[in-house]
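Below: the structure, in structure tokens.
The numbers here are math on the coordinates, done by the rules we state, and not lab data. Predicted model, so just to flag it, every value in this text is computed and none were measured.
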Amino acid sequence: MIEYKENLKTATLEKMVSDRYAFRMRRLTTTMFLMALSLFFVIGTASAQQADPRALGTFNDWLAYSWNENGNKVCYMLSRPLKSTPQGVNRGDIYVMVTYRPKSKSAEEVSHVAGYPYKDKSTVDALIGNNKFVLATNNEVAWVPEGGSDEKLIGAMRAGSKMIVKGTSSRGTLTVDTYSLQGFTAAYQQIRKSCT
């Protein structure tokens, strides 16, 4: 079992979120991301400072942030797993995130970053109590598929005490990440309030 709770440091998570943010947006293709990244560097330092995440607070095991994306305020919350199995596998950053974009057609999005590429065309199970949610995957990110309901998953997260995420890496390794949902509701209310 790998313990992650002690690594829940704001500076580390801000950098992690900033570096990997584009990969969590399910509707952007890799090409669009590279174009946006190029544009980001062309615009310059002033725009880069505008895009830096701003902490909204810590809520037990969840952190909440906001930032500007194309002139629109975006809020998100994230948490790292309390435990992750198996031990000894090579993984990068692991976290679950809820993004709130009030001006977007899909205002709320839940995503899980596994720290490794998922097996091609595989799905991920998110288990909360007796509820099972099947997530789509692309590279190292899992999310509620088109036609699914982020609202239902968020509702279960608000009502639950823990969430278990099971996925399979491109090498065939089954991983299990266990998240605490303590503080989820308070963090969720904060991102809704801050981005309304």
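Compute the Rg/Rh shape ratio of the range 129-185: radius of gyration over Kirkwood radius, all on alpha-carbon atoms. Value, to two decimals: 0.98. Taking 29 Å as the limit for the C-alpha separation, the pairs 121/152; 103/152; 73/166; 119/152; 119/162; 121/162 exceed it in the case of 73/166.
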